[in-house]
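Please treat every number below as a calculation from the coordinates, not as lab data. Note that this is a predicted model, so its numbers are computed, not measured. Neighbour counts run over all protein chains shown; Cβ positions are idealised from the backbone, glycine included.
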Amino acid sequence: MVSFASTLPSLVSFIPSPSSITNASRNPPQPGMICCKFGSELNNEDRFHRRDILQSVGAAVGMDLIARSSAFIEVANAADLIQRRQRSDFQSKIKLTLYDAIKANPDIIPSLLTLALNDAITYDKATKTGGPNGSIRFSSEISRPENKGLDAALNLLEESKKVIDLDSKGGPISYADLIQFAAQSAVKSTFIASAISKCGGNVEKGTLLYSAYGSNGQWGQFDRIFGRSDAQEPDPEGRVPQWDKASVQEMKDKFKAVGLGPRQLAVMSSFLGPDQAATEALLVSDPEVLPWIQKYQRSRETVSRTDYEASIFLLLKLIKDLRNIYG
């Protein structure tokens with residue numbers, strides 16, 4: 001409890017005691033003395049009112065509150081800045097670790113993308129369960145037929161997680177966040193690789209090209225969806241198709257069940273198996289998906305690939321936050 005009693009003594013000293021009034025009447029003033037009048041001898045303008053004391057106390061209390069609140073705000077702002085800085089540094093560590101791991105294992109990219117999709121697309125709108133919650137890490141879920149061949153991608157992330165957690169000041173990164181960050185890093189690495197290829201293999205020029213014309217500035221928004229907790233048990237079976245065996249209609253139905261449509265199915269063609277070209281050859285057989293496949297194929301042939309990159313960025317952000325959007 002905060003006490004303001006320390007502000008009172010200096011004010012109380014101005015209030016005369018009864019004995020001082022009596023003594024004043026018995027002892028007439030002497031030359032050279034300064035006298036003060038009290039009681040009935042005072043007119044209304046000269047009296048020291050109780051209201052004046054209360055106003056003085058109120059002013060002192062108010063000033064004290066202002067000083068204390070200002071100090072509290074400064075401390076809170078400083079703490080917030082420190083927390084945001086630590087969060088930013090931690091995310092940079094995550095990206096760098098994943099970038100190095102993917103760069104050393106580029107063939108793992110398709111599996112990382114499918115891992116992220118299969119972890120997220122277990123979301124069920126009716127029961128508000130599933131979604132991008134890291135449940136795919138459980139052996140009973142990763143071993144399901146739809147996740148065949150994804151063990152290597154999960155193993156790579158487990159090794160990366162050990163490195164990332166060593167520098168974490170706020171606790172270990174969740175698998176829910178790690179899997180989606182890995183998909184982001186995998187997609188971004190393919191964009192940069194494409195830019196380098198268009199520059200004849202010159203890494204410096206390709207990186208500069210991507211920074212100038214790619215969707216590099218949008219990735220910062222992806223970082224805002226961070227801090228998701230992990231599921232404590234596998235998601236129910238039967239929610240994820242076997243993409244390499246599913247018909248286009250089955251794919252469309254599954255995407256529709258989580259709020260996605262033909263456009264999103266087209267842009268996610270690289271997530272549906274190791275051979276994007278083979279997946280797109282299947283998808284073009286559907287009249288609803290065909291226009292979007294053609295659109296993104298044209299975009300990938302341009303220098304900037306703006307339409308394709310912007311769409312896949314938005315879709316990655318969407319699947320990472322499925323539970324918050326529909327839950």
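Averaged over residues, the count of other Cβ atoms within 10 Å places the peptides 257-269, 187-199 in the sequence 257-269, 187-199, highest first.
In this label model, GLN249 and GLU159 are separated by 4.4 nm, measuring between points 7 Å along each Cα→Cβ vector. Just add up the charged neighbours of ARG137: K/R +1, D/E -1, any other residue whose Cβ is under 9 Å from the Cβ of ARG137. Local net charge: -4.
With a simple spin-label model that places each label point 7 Å from the Cα along the Cα-to-Cβ direction, the separation between THR302 and ALA152 comes to 3.4 nm.
Computed packing ranks the peptides 127-133, 288-294 as 127-133, 288-294, most packed first, by mean other Cβ atoms within 10 Å.
Think of the range 118-190 as having a plus end and a minus end, set by charges on the Cβ of Lys, Arg, Asp and Glu; of LEU166, ASN155, ALA186, ALA186 sits farthest toward the positive end of this dipole. If the chain linking GLN294 and SER139 were pulled fully straight, counting 0.36 nm for each residue of separation and taking away their Cα-Cα distance, it would gain 52.0 nm. On the beta carbon distance between GLU233 and ALA257, with R0 = 22 Å, the FRET formula returns roughly 0.55. What FRET efficiency do you get for ASP124 and ALA281 if R0 is 30 Å and r is their Cβ-Cβ distance, rounded to the nearest 0.05? Rounded to the nearest 0.05, the efficiency is 0.50.
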